[in-house]
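**Student:** The structure under discussion is supplied below as structure tokens; questions concerning it will follow.
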Amino acid sequence: MDMHAPPQGRTSAPGSSAGRPPLALALTGVVRRYAQGQAALEILRGADLAIAQGQSVALVAPSGSGKSTLLHIAGLLEHSDAGEVFIDGAPTARLPDAERTRIRRLAIGFVYQFHHLLPEFTALENVSMPQMIRGLSRIEADKRAKELLSYLGLGARLTHRPSELSGGEQQRVAIARALANAPRLLLADEPTGNLDPKTSDHVFGAMTELVRATGVAALIATHNLDLAARMDRRVTLREGKVVELA
Ligand code: ADP
């Protein structure tokens with residue numbers, strides 16, 4: 001993807017003017033600083049990243065380099081200090097919080113290192129609930145939830161509560177939940193970082209298959225280079241900027 005850093009304050013989406021579909025995610029000139037005593041710690045220093053629809057990108061960088069910060073900004077959970085975040089071609093930085101929340105719910109799915117499932121609900125309910133919150137009937141929501149969970153090999157675990165599932169199974173449910181509302185963009189922060197290597201491999205494999213099958217764009221932070229090799233592209237963070245890896 002040929003994407004040059006645009007001038008500050010640009011509000012048209014990169015890639016949108018040439019008759020191509022809008023990028024699922026574009027970050028342009030993203031800066032993020034944290035106050036540290038009197039000084040400011042600049043974690044992101046003009047980060048640019050473009051992810052086309054349906055493209056999967058691994059973010060491979062050492063701890064403390066800003067991966068979570070980048071994912072939080074891309075997911076509209078955190079504001080940047082400068083730069084723009086385009087979701088599906090639309091700029092978001094200056095939108096009111098309520099509108100950012102609406103876009104996040106509609107267009108973005110998250111998977112974290114820990115599953116964050118609701119403990120008192122079954123696997124099926126955990127995946128149906130976000131859809132019902134969006135207005136689907138229970139029957140419609142359950143149908144998609146069953147399809148997603150079955151695809152992830154959990155067809156026989158629908159009525160299990162999180163405590164009755166293994167770590168790998170819990171994480172599969174979290175992946176199904178993230179994709180329940182058919183988002184345009186999946187963001188995952190070390191989604192298998194808490195699993196043993198074999199389980200991690202299986203869960204990551206199932207996730208990448210589902211990402212391909214649903215056509216969602218994905219940005220997935222991982223330490224594991226073998227897992228990263230299964231994605232379409234690999235990027236890292238160097239001195240606060242996104243750098244493409246071979
Ligand atoms: P990674 O996900 O790559 O481990 P993070 O994005 O979590 O990195 O953090 C990058 C750096 O920013 C770290 O040095 C961390 O201490 C710092 N940092 C993250 N969040 C905050 C915060 N809320 N306040 C101050 N410093 C922070």
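**Student:** Just flag the trypsin sites (Lys or Arg not before Pro) in segment 26-97 sitting in loop per DSSP whose Cβ has no more than 14 other Cβ atoms within 10 Å.
**Tutor:** Qualifying residues, ordered by number: R94.
**Student:** Within segment 50-89, what residues put their amide N at less than 12 Å from the label point 7 Å along the Cα-to-Cβ vector of R33?
**Tutor:** Output list for this probe position: 81-82.
**Student:** Okay, moving on. Which of the lysines could be linked to K67 by a straight reach, that is with a Cα gap under 18 Å, when you skip same-chain ones fewer than 8 residues away?
**Tutor:** K241
**Student:** I'd like the orientation of helix 197-214 relative to the chain: the angle between its Cα long axis and the longest Cα principal axis, in ° from 0 to 90, rounded to 10.
**Tutor:** 80 degrees
**Student:** Positive end of the dipole of the chain, charges at C-beta (+1 Lys, Arg; -1 Asp, Glu), about the Cα centre: which of H116, G193, T101 has its Cα farthest in that direction?
**Tutor:** Towards the positive end, the residue furthest out is T101.
**Student:** Tell me, what is the Rg over Rh of the chain, with Rh the Kirkwood radius over Cα pairs?
**Tutor:** 0.97
**Student:** Rg and Dmax of segment 66-202, Cα atoms, in Å?
**Tutor:** In Å, with Rg to one decimal and Dmax whole: 15.7, 47.
**Student:** Can I ask one more? Just to be sure I understand the model, the point goes 7 Å from the Cα along the line to the Cβ. What's the resulting A156 to F114 distance in nm?
**Tutor:** For the pair A156/F114, the computed spacing is 3.0 nm.
**Student:** Whats the longest run of the chain with zero GluC sites (Glu not before Pro) that are DSSP loop and have at most 12 other Cβ atoms within 10 Å?
**Tutor:** 1-119
**Student:** How much of the accessible area of the chain, in percent, comes from carbon and sulfur atoms when a 1.4 Å probe is used?
**Tutor:** That fraction is 52 percent.
**Student:** So with the 1.4 Å probe, I'd like the accessible area per residue for the chain, rounded to whole Å².
**Tutor:** Spelled out: the 1.4 Å probe surface of the chain, per residue, equals 47 Å².
**Student:** Which of L152, F204, A50 sits closest to the plus end of the dipole of the chain, meaning its Cα is farthest towards the positive end, when Lys and Arg get +1 and Asp and Glu get -1 on the C-beta?
**Tutor:** A50
**Student:** So who's got an amide H within less than 5 Å of the one on F110, skipping anything under 5 residues away but keeping other chains? H placed 1.01 Å off N, in plane.
**Tutor:** Hits under the 5 Å cutoff: L187.
**Student:** Explain nothing, just the number: relative contact order of the chain, from Cα pairs under 8 Å at least 6 residues apart, as a whole percent.
**Tutor:** 26 percent
**Student:** Select from segment 101-183 those trypsin sites (Lys or Arg not before Pro) which occupy a DSSP coil region and have at most 13 other Cβ atoms within 10 Å, ordered by residue number.
**Tutor:** R134
**Student:** Can you give the FRET efficiency to the nearest 0.05 for H79 and L106, using r as the Cβ-Cβ distance and R₀ = 22 Å?
**Tutor:** Computed FRET efficiency for H79 and L106 comes out at 0.70.
The values are calculated or read from the model by the stated rules, or taken from the named source; none is laboratory data. Bear in mind that the values here come from a model prediction, so they are computed numbers and not experimental data. Every residue, glycine as well, gets a Cβ built from its backbone with ideal geometry; the counts of neighbours run over all protein chains shown. For accessibility, only protein heavy atoms count, side chains too; no ligands or nucleic acids. Shrake-Rupley method; radii C 1.70, N 1.55, O 1.52, S 1.80 Å.
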